[in-house]
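The values are calculated or read from the model by the stated rules, or taken from the named source; none is laboratory data. Remember, it's a predicted structure, so these values are computed and weren't measured experimentally. Cβ sites come from the backbone with ideal geometry, for glycine too, and all protein chains shown count toward neighbours. To get the accessible areas, we keep the full protein, side chains included, count just its heavy atoms, and leave off ligands, DNA and RNA. Shrake-Rupley method; radii C 1.70, N 1.55, O 1.52, S 1.80 Å.
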Amino acid sequence: MTDSVSALIAQWIRDDVRAMHAYHVPDATGMIKLDAMENPFVLFGDNDAALREQWLEHLQMADLNRYPDPQAPAVKRALRDVLSIADSYDILLGNGSDEIIQLLIQAVAKPGAVVMAPVPGFVMYNVLSGINQVAFVGVDLRADFALDMPAMLDAIAQHAPALTFLAWPNNPTGNLWSLDEVEQIIKASSGLVVLDEAYTAFTEADALPLLDKYDNLLVMRTLSKIGLAGLRLGYLVARPEWINEFDKIRMPYNINVLTQASVSFALANYDKLMEQAAQLIAQRQILSTQLAELPGVEVYPSEANFLLLRCTAKNAGEVFADLKVKNILVKHLSAAHPLLENCLRVTVSTELENKAFVAALKEVL
Ligand SMILES: *Cc1c(COP(=O)(O)O)cnc(C)c1O
């Protein structure tokens, strides 16, 4: 039986799919979870018990027996309101921005198409290109994680990418490309440039005003890093003509009824989410200062809700494992890219969890 299934798999499943590994998420039960840039605050927690009640009442009205509205108009209206998105632009919603990345790649996946991004960068650009059998070209950052502009511009000229992703700020390095660099890349590209602003809440940078200037620009964001990772809602803002094309290949019911109901309620309380982001920015400064004082680690500047560290005295794999024994889960990045050798990425969390992390790291080092 098993043998015949293996033979059938070999016969029918794509060779590249058989060679892939499923996306691995480590078990974090009972741990302080600092590996995935989640927001540590509970939405409408104990301090907001009244709001929590209202939210639950609101959810009771959701028609779970009906398919969701495929355009999620209440969600889009709420996004337009809180972000002041002009009527001249449209919004595409995704089941997380991961799904939007997938849609964009599928839409440009002609034979010979290339997707490009600086590396180390967000892994899904590469992973989803592979799944869709589109070539991915990664352009190495410099050792200090700045963009290598001559290399970027050369690669754009050589490969004419259909799609270039710029995470702004970048994950996992945490830094921000300059506006001038971003505009040079957009101008040099005949293809689409996606500014991925997953961390927009934690930086002053804002790509939305650039939409007025460039026909080939798309701006992508997500609610995941501001406290709603579990709802899975990403969005793309762009000219209606672009959105119209991508909308054709979107699964019609990709944003479920409970997500639609929760997001429109949460966005009506957007100030709460922004207060939490402000707290995390303050904590980022405190944590960064404390880590900079520790011998044995180097801390990189960050405009996001995480910090990138390089272990200089002890192997990062050992530091990762020793932290795990102390019930603290961070992300070990040595294998992700040669520039990340001995690097760990840690999410900025509450004062209490950050303190626990620093104390544990001190002992481990
Ligand atoms: C986390 C992250 C995303 C994906 O977010 P989801 O909306 O949760 O799918 C996209 N881009 C970057 C750079 C990220 O770090």
inquiry  = How much of the DSSP bridge set in the chain is antiparallel, in percent, rounded to the nearest 5?
reply    = 50 percent
message = Quick check for me: using +1 on Lys/Arg Cβ and -1 on Asp/Glu Cβ, what's the dipole size of the range 137-214 about its Cα centre, in debye to the nearest 20?
response = 200 debye
ask   = If you roll a 1.4 Å probe over the heavy atoms of the protein chains, what accessible area per residue do you get for the chain, in Å²?
value = 48 Å²
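Mind running the shape call on the range 184-272? Use the C-alpha gyration tensor, a ≥ b ≥ c as the square roots of the eigenvalues: rounded below 1.5 for a/c, prolate if a/b tops b/c, oblate otherwise. Show your work: numbers first, answer last.
Numbers: a/c = 2.55, a/b = 1.41, b/c = 1.81.
Here the range 184-272 falls in the oblate category.
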note = Filtered hits (aspartates and glutamates, Cα-Cα < 19 Å from residue 326, offset >= 8 within chain) -> 27, 35, 318, 351, 353, 363
message = Leaving out ligands, DNA and RNA, and with a 1.4 Å probe, what % of the accessible surface on the range 99-176 is carbon or sulfur?
response = 55 percent
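With +1 on the Cβ of every Lys and Arg and -1 on the Cβ of every Asp and Glu, and nothing else charged, how large is the dipole of the chain about its Cα centre, in debye rounded to the nearest 20? Write out the running numbers ahead of the final one.
On the way: 28 positive and 44 negative charges, 109 e Å.
That gives a dipole near 520 debye.
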ask   = Sequence-distant or interchain residues sharing an amide H contact under 5 Å with residue 137, placed H: which?
value = 115, 116, 117
task = Give the cross-link partners of residue 187 among the lysines, using a straight C-alpha distance below 27 Å as the criterion and excluding same-chain residues fewer than 8 apart.
result = 110, 213
key: Listed residues 89, 320, 137: farthest to the positive end of the dipole of the chain (Cβ charges)   = 320
Separation in nanometres of the label points that stand 7 Å from Cα toward Cβ, at residue 2 and residue 181 = 5.0 nm
note = Mean-square fluctuation maximum in Gaussian network of the chain, Cα pairs under 10 Å, restricted to 27, 247, 98, hits 27
